[in-house]
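K.L.:
I'd like to ask some things about the structure below.
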Amino acid sequence: MAIITVQTPFNIDLEFKLAGVFQRALAWVIDILIICGYFYLMLQFFNPLKGETASKIVEYLFLILPVFLYQLMFEIFWNGQTIGKKIAGIKVIDNEGKEPTWSQYLIRWLLCLGNMFIYLIPYMLLFTLGLGIAGLISIMMIFFIIYLPDFLTAVISKKSQRIGDIAAGTVVIDKNYKPNISETIYLDIEEKEYQPKYPEVMKLNDRDINGIRNLLNTKRPSKETERYIGTVAIKIQTVLGITSDSEPKVFLQKLLEDYNYFTSKS
């Protein structure tokens, strides 16, 4: 399972699972079927209009343009997903874990060479319809040539990014992946009648809380670490204007639990 970690501006590490090969292939096939289906239906509609003056303009607006802009428009207005991506459970995000900007969507769309193949499939099918096996082989060869650069780049890159994704600073992830909640600033409070002790903790921000969590989760605490924890506990008490007789670790753990309690109630 390929996992990437993104650090947010709050100094919180977020985990994302990269979209798998099967998911990407499924999304690709679904999108192709939708594009070809739309193309076929529109052809049936426009055939009777052949020869009319406005036929070419209408055909361009309702046939060629929608097919060509399919992926770009869907990703922009469907939060990084086409119909195929939505069914496959994958989506596009930027390298910081946020929704990409319009310019990022545009860059990845322009530089994803495989897009050209998707958009040309309906026209190629029409052109090679009467060529039988030879036509099918031609399509497969074109498919191989067009997709080879993106395929090699996705295999080599650490985040399985195609050329357009690298240039745009985007990555395709598994939308259904749920990271371990223990990796966030939030704690699972088992007590149903939990009693918070330090409401002043809400003066701290997510970065402060994440720093406390990381400090308490130190795998191999040394004497120096123990002293530092004590110093941090005293500093926080001073800043928040509170006093505590608890051990530094116990005090800081209570702060984490109280913070989680108050944020869950807000």
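K.L.:
Any idea which residue in region 175-225 is modelled with the highest pLDDT, counting only those that are hydroxyl-bearing (Ser, Thr, Tyr) and closer than 30 Å to Ala27 by Cβ? I'd like the intermediate steps shown before the answer.
P.N.:
Taking region 175-225 first, the residues hydroxyl-bearing (Ser, Thr, Tyr) are 177, 182, 184, 186, 194, 198, 218, 222, 225.
Still in the running and closer than 30 Å to Ala27 by Cβ: 177, 184.
On the way: Tyr177: 78, Thr184: 49.
Of everything passing the filter in region 175-225, Tyr177 is modelled with the highest pLDDT.
K.L.:
Filter region 207-257 down to residues that are in a loop (DSSP other than H, G, I, E, B) and among the charged types (D, E, K, R), then give me how many there are.
P.N.:
So the first thing to find is which residues in region 207-257 are in a loop (DSSP other than H, G, I, E, B), and the list is 217-222, 241-247.
Checking the rest, the ones that are also among the charged types (D, E, K, R) come to 219-220, 245, 247.
The total comes to 4.
K.L.:
Would you check which residues across region 18-58 are at pLDDT below 70 and of a type outside the set (A, V, I, L, M) and list them?
P.N.:
Correct list: Phe46, Asn47, Pro48, Lys50, Gly51, Glu52, Thr53, Ser55, Lys56.
K.L.:
Of everything in region 84-94, what is touching a helix residue (DSSP H, G or I) at 6+ places or on another chain (Cβ under 8 Å) and under 16 Å from Trp109 (Cα atoms)? Give them in sequence order.
P.N.:
Residues satisfying the conditions are Gly84, Lys85, Lys91, Val92, Asp94.
K.L.:
Now for a separate question. Give the residues of region 59-73 that are modelled with pLDDT under 80 and loosely packed, with under 15 Cβ neighbours inside 10 Å, sorted by residue number.
P.N.:
If we filter region 59-73 for residues that are modelled with pLDDT under 80, which is where we start, we get 59-64.
Of everything in region 59-73, those that are modelled with pLDDT under 80 and loosely packed, with under 15 Cβ neighbours inside 10 Å turn out to be Tyr60, Leu61, Phe62.
The values are calculated or read from the model by the stated rules, or taken from the named source; none is laboratory data. Predicted, not measured: the structure shown is a model, and the values here were computed from it. Counting neighbours? That spans all protein chains shown, and the Cβs are built from the backbone with ideal geometry, glycine included.
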